[in-house]
Every structure is written in C-alpha cells, then in structure tokens.
Amino acid sequence: MRTESMSVILPAYNEEDNIGPMVESAREVLPSIVSDYEIIVVNDGSRDRSAEVLQELSAAHPEVRTVTHETNQGYGAALKSGIRAARMDLIFFTDCDLQFDLRELPGLLQWVGDFDVAAGYRVARQDPFHRRLNAFGWNVLVRLLFGLRIRDIDCAFKVFRRPVFEQVEVESVGAMVNTEILVQCKQFGLTVKEVPVNHFPRKHGEQSGANPRVVLKALGELIKLHGKLKQRRPPRGAERN
C-alpha cells in the first residue's frame with residue numbers, strides 16, 4: 001500500500017562498500033510503498049571512497065541527495081543534519097551497513113497513522129557479545145534515569161511523523177542520539193509503537209559504537225540530558241507514556 005512521502009536518512013562513515021547497495025535497495029523498495037521519496041546520505045567525514053561513490057549515485061539518481069561533513073562529527077550530528085535537510089511527510093532513518101532489510105519498512109508504516117513514531121526492535125541482534133552486553137547495560141541505565149521502557153533504544157530502524165521534530169530537538173552529536181529523541185518523545189507525550197525487525201551481520205566496514213571514546217561521549221551526553229530534563233517542565237498533560 002502506498003502511503004505518504006518519505007525522507008530516508010542514511011548516516012555514513014567509511015561505508016564505501018555499503019552505500020551503493022543500500023541506496024539501490026531503497027530505490028527498489030520505496031516506489032511501491034510511498035507516494036514520493038528522497039534518499040539523504042549524510043557523509044560524516046568519511047576517509048575512504050564514500051564521497052566518490054556518493055557523487056556517482058547522486059549524478060545518476062536525482063532522488064539521492066548528499067549532505068557532507070568535512071570532518072567526522074558523530075552519529076547524532078549526522079542524523080541532525082539529515083533531519084534538517086528532510087522535506088517529506090515522514091522521516092525514516094537507518095544505517096548504511098546493510099544490517100537491516102528495507103523490505104520490512106511496510107511493517108512500520110502500517111502504524112504511522114495511529115502513532116507518532118514506529119520504532120523497530122531487533123528480534124535476534126547479530127552483533128558481537130560485548131556490543132549486546134553494552135546495549136543491555138545502556139537500556140537498564142536509561143530506564144532507571146528516565147523511566148523509558150523501550151525494548152531496543154538504539155535500533156536504527158525508525159519512522160517519525162514530521163511534526164515530531166517540531167517538538168523534539170536533537171542536540172547530541174554522538175551515539176546517545178536515539179536515547180535523546182525517545183526520552184523527549186516520552187516527555188512530550190508522543191506515542192511510540194515498537195515493531196520487531198530482523199537484524200543481519202555486518203559484512204563490510206567496521207563498527208565504531210563500542211569504541212571507548214564513543215561510549216564515554218555517550219555517557220557524558222546522557223548525564224547532560226538528565227540534568228537538562230530535570231529543569232524542563234513539559235506542557236500540561238503532555239506525559240502520557
């Protein structure tokens with residue numbers, strides 16, 4: 001079933017082998033499920049051939065747009081740039097690493113008429129044990145600090161109605177960005193539907209989420225967000241979750 005128009009945001013850092021197949025997958029899937037679409041690839045200071053690959057793709061396909069960070073700014077900064085550039089009714093983001101199948105997008109889209117956010121959760125996460133352990137600890141910490149009851153906070157397979165980002169402000173530059181978005185959704189009473197999705201092993205490129213510097217930056221941003229939200233009072237009656 002074709003639905004509203006959609007902006008697809010693909011953050012990319014050193015994904016030269018994955019960008020092309022990911023964009024082609026999007027171009028194959030999207031025409032049958034949305035009325036119009038754009039694919040925004042945010043090149044977050046990649047040091048490989050990602051820029052050249054993107055230049056070729058955008059020249060060949062007008063629906064492919066590139067946002068470029070001259071230096072690596074972080075995952076959250078890449079998402080923020082993509083959201084700012086988005087022009088369509090719905091905003092969807094996923095990663096360029098081919099660990100999700102875009103053919104599962106209709107499973108999220110069926111809920112966007114009734115919910116503000118449709119958020120995937122990985123039914124069998126195909127990541128090394130230490131990453132799964134880190135994710136478990138992070139989810140527990142976020143639940144304790146914010147009361148956020150989400151199965152898979154950092155799952156990079158989410159659809160938002162555009163007005164969500166008229167309330168939610170993205171400030172995190174690093175890996176804490178999903179938590180920041182979902183905590184604000186809870187604070188403002190925005191509704192979230194969780195949907196199971198499959199997850200696949202990464203075949204090309206390297207993951208950076210477990211890098212100690214990335215983890216420490218995320219913890220710093222988490223503490224900052226906790227302090228900020230303690231001072232911010234949501235609109236009357238906004239907290240419904």
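Coordinate-derived values only; no laboratory data. None of the values given here were measured: they were computed from a predicted structure. Note: ideal-geometry Cβ built from the backbone for every residue, glycine included; neighbour counts use all protein chains shown.
Only helices enter this figure: runs of n ≥ 4 DSSP H residues, each worth -39500 (n - 2.57), summed and divided by the residues of the chain, yield -11500 deg cm²/dmol at 222 nm to the nearest 500.
A simple count of charges around Arg87, restricted to other residues whose Cβ falls under 13 Å of its Cβ and scoring Lys, Arg +1 and Asp, Glu -1, yields -2.
Rounded to the nearest Hz, the phi-derived 3J(HN,Hα) couplings of region 108-117 under the Karplus curve 6.51 cos²θ - 1.76 cosθ + 1.60 (θ = phi - 60°) are 8, 5, 5, 9, 6, x, 10, 10, 6, 9, where x marks glycine and proline. Evaluated over region 6-231, the count of Lys pairs having alpha-carbon atoms less than 30 Å apart is 27 (only pairs 8 or more residues apart or interchain). Pairwise Cα distances in region 1-65 exceed 18 Å for 32 percent of all pairs.
A Gaussian network model of the chain, with springs between Cα atoms under 10 Å, assigns the largest mean-square fluctuation among Leu90, Leu98, Leu141 to Leu141. Applying the Kirkwood pairwise sum to the alpha-carbon positions of the chain produces a hydrodynamic radius of 18.2 angstrom. If you sort the three axes of the alpha carbon gyration tensor as a ≥ b ≥ c, you get a/c of 1.5 or more for region 33-147 and a/b no higher than b/c, which makes it oblate.
Computed from backbone phi, the HN-Hα couplings of region 23-38 come to 5, 5, 4, 5, 5, 7, 7, 5, x, 8, 10, 10, 6, 7, 7, 9 Hz, rounded to whole numbers (Karplus: 6.51 cos²θ - 1.76 cosθ + 1.60, θ = phi - 60°; Gly and Pro given as x).
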